[in-house]
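Worksheet: the structure to be examined is printed underneath.
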Amino acid sequence: MRSDAVRSIIRAYDDPLVRAYCWGRFGILRQRFLDEIGQYLPEAGPVLDIGCGFGLFSLYYAATAPRRLLHGLDVDRRRIALARRAAGRLGLENVMYEQRDARDFKGDGEFLAAYMLDIVHHIPPESVPPLLRQLSRCLPPGGLLLIKDVDTRPAWKRWFTWALDKAMAPATPVRYWSAEELSAALDDAGFGVRRHVMVDLLPYPHILYVCTRRAST
Ligand SMILES: C[S@@+](CC[C@H](N)C(=O)[O-])C[C@H]1O[C@@H](n2cnc3c(N)ncnc32)[C@H](O)[C@@H]1O
């Protein structure tokens, strides 16, 4: 059933290169990863996807829980247009997309949860702490922020990830955060943090950060 959802989402894009990307992306973050991240999302209510890309994960989490309201934002206009078109083709009315730079996000809106999948290393490092603080503003106490990113260790896995990032987008700078450094930034932004390694067949040093917005003091 859920792999049917994945297949219909991929079929909803008409560009063959985007379809190939989606196969690759769902191949890396397989069903187990989708479930591992999805288990933390509320079954109903607004959820924010920062750096949603073509929208494949927001489409998936919207398709698998019709009472969730997914709001995806990405700086790339074309990706947002493709995400909107795919949502239309799938007949999903519980997902919306906005072309916007995450660095301009001012914590506006109220969400029960938010996630960023492989985004932090694409954002200039000085902009990450302010973004995390804005995210804490749009979540209620106890609200969850999920971050999937890559660790800096072991070094050979970081180099593998770097080579693939550069192959995909040679001109885009990337800056990986160590798990300790990102956890400290999340703590400063008002989140309690648990993290765990997500083991993959490919040597990506994936880490999932499960962050709970602390009550203001
Ligand atoms: C590796 S892709 C991940 C896309 C999606 N989260 C996924 O998992 O398939 C990184 C995405 O981050 C977006 N991005 C990079 N910098 C951004 C920024 N400053 N604001 C919003 N989106 C950004 C890119 O346009 C791209 O779609």
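Residue-wise HN-Hα couplings along the range 74-82, as the Karplus relation 6.51 cos²θ - 1.76 cosθ + 1.60 with θ = phi - 60° gives them from phi, are 8, 6, 8, 4, 5, 4, 5, 4, 5 Hz; Gly and Pro carry x.
Of all segments of the chain bounded by GluC sites (Glu not before Pro) found in a DSSP loop with no more than 13 other C-beta atoms within 10 Å, the longest spans 111-217.
The simple spin-label model puts a point 7 Å past each Cα toward its Cβ; for Ala184 and Asp104 those points are separated by 3.2 nm. Take every DSSP beta bridge whose two residues both sit in the chain; close to 40 percent of them are antiparallel.
Among the lysines, select those whose C-alpha is under 17 Å from the C-alpha of Lys157, and discard any that sit fewer than 8 residues away in the same chain. Within the straight-line cut-off, Lys157 pairs with Lys148, Lys166.
What translational diffusion coefficient, in µm²/s and rounded to a whole number, does the Stokes-Einstein relation yield for the chain at 20 °C and a viscosity of 1.002 mPa s, taking the hydrodynamic radius as the Kirkwood radius over Cα pairs? For the chosen part, D equals 123 µm²/s. Ranking of Ser136, Ser58, Ser8 by neighbouring Cβ atoms within 10 Å, starting from the fewest: Ser8, Ser136, Ser58. Its DSSP H runs of at least 4 residues, each contributing -39,500 (n - 2.57), put the calculated 222 nm mean residue ellipticity of the chain at -12000 deg cm²/dmol, to the nearest 500. Take the convex hull of the alpha carbons in the range 112-180; its mean projected area over all directions comes to 5.2 nm².
Measuring nothing but alpha carbons in the range 1-76 and taking Rh as the Kirkwood radius, the Rg to Rh ratio lands at 0.94.
Where a number appears in this text, it was derived from the coordinates with a stated rule and is not lab data. Because the structure is predicted, anything quoted here is derived from the model rather than measured. Please note: Cβ atoms are built from the backbone with ideal geometry, for glycine as well, and neighbour counts cover all protein chains shown.
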